[in-house]
Amino acid sequence: MKKKFVIVILSILSFLVCYPIFFLLIGSLMGGNELKEHIAVLSTKDDGFITWSWLPNEPTFRSYVELLLDTPQFFGTFWNSIKITLGVLIGQMLVGIPAAWGFARYQFRFRRVLFMLYVILMIMPFLVVMLPQYLVLNQLGLLDTLWSIILPGMFSTFPIFIIHSFFRSIPESIIESARIDGASELRIFLKIGIPLSSGGIISAMILSFLEYWNLIEQPLVFLKDKSLWPLSLYLPSISLDQAGLAFSAAIFALIPSILIFLLGQNYLEQGIVATAVQE
């Protein structure tokens, strides 16, 4: 009886979590007139609530056709999101992985202090570092370019924090055995550190992908040219009379995140556990 009760509660919670996606899907399949009837209260000053139906009265793919064939801005913003996200991920792999290895496996002066500073930077909200970043990017002439988003993202401290936990979990005996056998520090890093911590690296990259694919604050501050806007800024700019287009664009924006999450779900769980469990 207790097990059935738990299953029912979890099923209800799962439905509540998944309902927004179902809501988007149904809205994207509604015709323009039907959709306007449901959300008419949003465009008037009358008090009331929007109405909704479980299934569209006359399902149509008109919004998807309009989005894919008559909305070039969507493809431009989609491509900008890809460039920003891939640029950040490549930069984090080149910068964050070696930095995490150094903090985890080497002893040097002020190591703990520096790592604590990394942690403090990680928990700082963007509003705190917005002005310093803006001034630095302005001096470098990178404002209103995609590099104003990619460059700060490359040096994000969050991946270092996750990967560091995995590098720390590698037994010291394995490292010492490799050194006795004559392996160089670089070879140990490439042949032992990265393979044994691949789960943490992948989980960190997944979390970074989800963060930068849905980024809003940084592009809104650093990018004035709308042709450089990512998909996360394009969606809120769609007017209410194009609600069907907004629903369809939101579905396409969700697809990469859902695929990445499903493909790396096991690694993501490992990363969450690693950040919670300390040696």
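Please work out which one of (1) free of Cβ contacts under 8 Å to residues at least 12 places away in the same chain; (2) open to solvent by less than 70 Å² (accessible area, probe 1.4 Å) is the condition residue 108 fails and give its number.
Among (1) free of Cβ contacts under 8 Å to residues at least 12 places away in the same chain; (2) open to solvent by less than 70 Å² (accessible area, probe 1.4 Å), residue 108 violates only (2).
Based on what the data block shows, is residue 203 open to solvent by less than 40 Å² (accessible area, probe 1.4 Å) and within 20 Å of residue 266 (Cα to Cα)?
Values: open to solvent by less than 40 Å² (accessible area, probe 1.4 Å): yes; within 20 Å of residue 266 (Cα to Cα): yes.
So residue 203 passes the test.
Can you pull out every residue in segment 86-103 that is out of contact with any Ser or Thr (no Cβ under 8 Å at 6 or more places or on another chain) and open to solvent by less than 80 Å² (accessible area, probe 1.4 Å)? Talk me through it step by step, then tell me what you get.
Step one: list which residues in segment 86-103 are out of contact with any Ser or Thr (no Cβ under 8 Å at 6 or more places or on another chain), which gives 86-87, 90-91, 93-95, 97-103.
Answer for segment 86-103, where residues must be out of contact with any Ser or Thr (no Cβ under 8 Å at 6 or more places or on another chain) and open to solvent by less than 80 Å² (accessible area, probe 1.4 Å): 87, 91, 95, 97, 98, 99, 100, 101, 102, 103.
Return the residues of segment 226-238 that are farther than 20 Å from residue 22 by Cα and open to solvent by 50 Å² or more (accessible area, probe 1.4 Å); say none if nothing qualifies.
226, 227, 237 - these are the residues of segment 226-238 that are farther than 20 Å from residue 22 by Cα and open to solvent by 50 Å² or more (accessible area, probe 1.4 Å).
Could we say that residue 150 is within 20 Å of residue 87 (Cα to Cα), of a type in the set (A, V, I, L, M) and either touching a Pro at 6+ places or on another chain (Cβ under 6 Å) or not in a loop (DSSP other than H, G, I, E, B) (or both) here? Steps first, answer last, please.
Values: within 20 Å of residue 87 (Cα to Cα): yes; of a type in the set (A, V, I, L, M): yes; either touching a Pro at 6+ places or on another chain (Cβ under 6 Å) or not in a loop (DSSP other than H, G, I, E, B) (or both): yes.
Yes.
Evaluate segment 185-200: report whether one residue or more is acidic (Asp, Glu) and over 15 Å from the mean Cα position of the chain (by Cα). Steps first, please.
Going residue by residue through segment 185-200, those that are acidic (Asp, Glu) are 185.
Next, from what is left, pick out any that are over 15 Å from the mean Cα position of the chain (by Cα): 185.
Yes.
Taking the conditions exactly as written (over 19 Å from residue 213 (Cα atoms) and surrounded by 14 or more Cβ atoms within 10 Å (Cβ to Cβ)), does residue 196 satisfy them or not?
Values: over 19 Å from residue 213 (Cα atoms): yes; surrounded by 14 or more Cβ atoms within 10 Å (Cβ to Cβ): yes.
When the stated conditions are applied, residue 196 passes them.
Would you check which residues across segment 131-152 are crowded, with 20+ Cβ neighbours inside 10 Å and not hydrophobic (A, V, I, L, M, F, W, C) and list them?
Taking segment 131-152 and keeping what is crowded, with 20+ Cβ neighbours inside 10 Å, we get 137, 148-150.
Hit for segment 131-152 is 148, nothing else.
Tell me which residues, restricted to segment 81-105, are more than 27 Å from residue 213 (Cα to Cα) and without any contact (Cβ under 8 Å) to a residue 40 or more places away in the chain.
Answer for segment 81-105, where residues must be more than 27 Å from residue 213 (Cα to Cα) and without any contact (Cβ under 8 Å) to a residue 40 or more places away in the chain: just 102.
The values are calculated or read from the model by the stated rules, or taken from the named source; none is laboratory data. Computed from a predicted model, the values in this text were never measured in an experiment. Using ideal geometry, Cβ is built from the backbone for each residue, glycine included, and neighbour counts are taken over all protein chains shown. Note: accessible area is taken over every heavy atom of the protein model, side chains too, but ligands, DNA and RNA are not part of it. Shrake-Rupley method; radii C 1.70, N 1.55, O 1.52, S 1.80 Å.
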